[in-house]
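The values are calculated or read from the model by the stated rules, or taken from the named source; none is laboratory data. These numbers were taken from a predicted model, which means no experiment stands behind them. Note that each Cβ is placed from the backbone with ideal geometry, even for glycine, and that neighbours are counted across all protein chains shown.
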Amino acid sequence: MLSRSLWRNILFYDASNDEQLGGLYQAGSLTEENLHWMLGSVLLIVDQPWTLRHKASGRTVLPSNNKAALGEYEIRSNGTIRVTNEQWAPRLISYSNSGQETAFTRDIRARDGRCVISGVVNNTASYKDWTGYQAAHVFPLQYETMWARNGYGCWIREVPDDNTRASLNSVQNGLLMLSHIHKRFDQYTISINPDASSPVFMLALEILKSKRMGTELSHLDRTNFE
């Protein structure tokens, strides 16, 4: 079992009792805006306004494009601070073990042509050699019931006409990735927030030896998420 706690170089504490609430790994791409979004939208349930303070500097941290400093942070609120008890949904690797090219895979390859996370272009695409590249589902195939129950298909405009899981296998629900990055994506050690100024967050220690990793990736086309 992968232990993410060993990697964490940013930790969050409840200022009222110094209880550790969680943490993450800062590889260089996380901003203070990202921290506020993660805490307010994903991790915390707080019934009163809250503030974030960097312990070592004593600075109150506001949403900004400044790189998030390493270290410990206090979360202060006049209300109760709780960590969400919502269960995360394990992902299964979403490529075909048979290697057969599906309409989904073909369309993702044609649109992206490279790993959208690292920017590494497939220079052998013209020879139909896609070794090491995989078409990843953003919303996992195994949660088709959840997809249907919540009506997520209404956001899909490009529906393939040769697939029984039409909206889930739309090109809009896929990204091309290098195979080892795809595995990280399915383990939630890479996170993508298309609304953030730096859309790709590296939550693992080292994903790929590339200067472009852990920075704002201008090659990540936000229209893929619209």
* **Residues within segment 71-88 that are at pLDDT 95 or above and either under 24 Å from ILE190 (Cα atoms) or in the same structural domain as MET146 (by TED's automatic domain parsing) (or both), tallied** => 3
* Give, as residue ranges, the strands (runs of 3 or more DSSP E) completely inside segment 17-67 that count at least 1 residues that are in contact with a Leu (Cβ under 8 Å, 6 or more places away or on another chain) and either more than 14 Å from ARG82 (Cα to Cα) or among the polar types (S, T, N, Q) (or both). => 19-24, 50-54, 59-61
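So which residues in segment 123-146 are within 22 Å of the chain's Cα centre (by Cα) and among the β-branched types (Val, Ile, Thr), if there are any at all? Full working, then the answer.
Our first condition is that a residue be within 22 Å of the chain's Cα centre (by Cα); within segment 123-146, this holds for 132-146.
Of everything in segment 123-146, those that are within 22 Å of the chain's Cα centre (by Cα) and among the β-branched types (Val, Ile, Thr) turn out to be VAL138, THR145.
Sort out which residues of segment 1-34 are among the aromatic types (Phe, Trp, Tyr) and at pLDDT below 85, and write them in order of number. First the steps, then the outcome.
As a first pass, look at segment 1-34 and keep what is among the aromatic types (Phe, Trp, Tyr): 7, 12-13, 25.
Selection gives TRP7, TYR25.
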* To do: Evaluate the following for ARG53: is it over 17 Å from the mean Cα position of the chain (by Cα), surrounded by 14 or more Cβ atoms within 10 Å (Cβ to Cβ), at pLDDT 90 or above and of a type in the set (D, E, K, R)?
  => yes
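Table: residues versus (1) aliphatic (A, V, I, L, M); (2) modelled with pLDDT under 95; (3) within 13 Å of TYR13 (Cβ to Cβ); (4) surrounded by 13 or more Cβ atoms within 10 Å (Cβ to Cβ).
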site	(1), (2), (3), (4)
ASP47	no, yes, no, no
THR60	no, no, no, no
ASN65	no, yes, no, no
PRO90	no, yes, no, no
ILE93	yes, yes, no, yes
THR102	no, yes, no, yes
ASP112	no, yes, no, yes
* Structure fact -> Across (1) free of Cβ contacts under 8 Å to residues at least 12 places away in the same chain; (2) in a helix (DSSP H, G or I); (3) not assigned by TED's automatic domain parsing to the domain that holds VAL159, ALA110 clears everything bar (3)
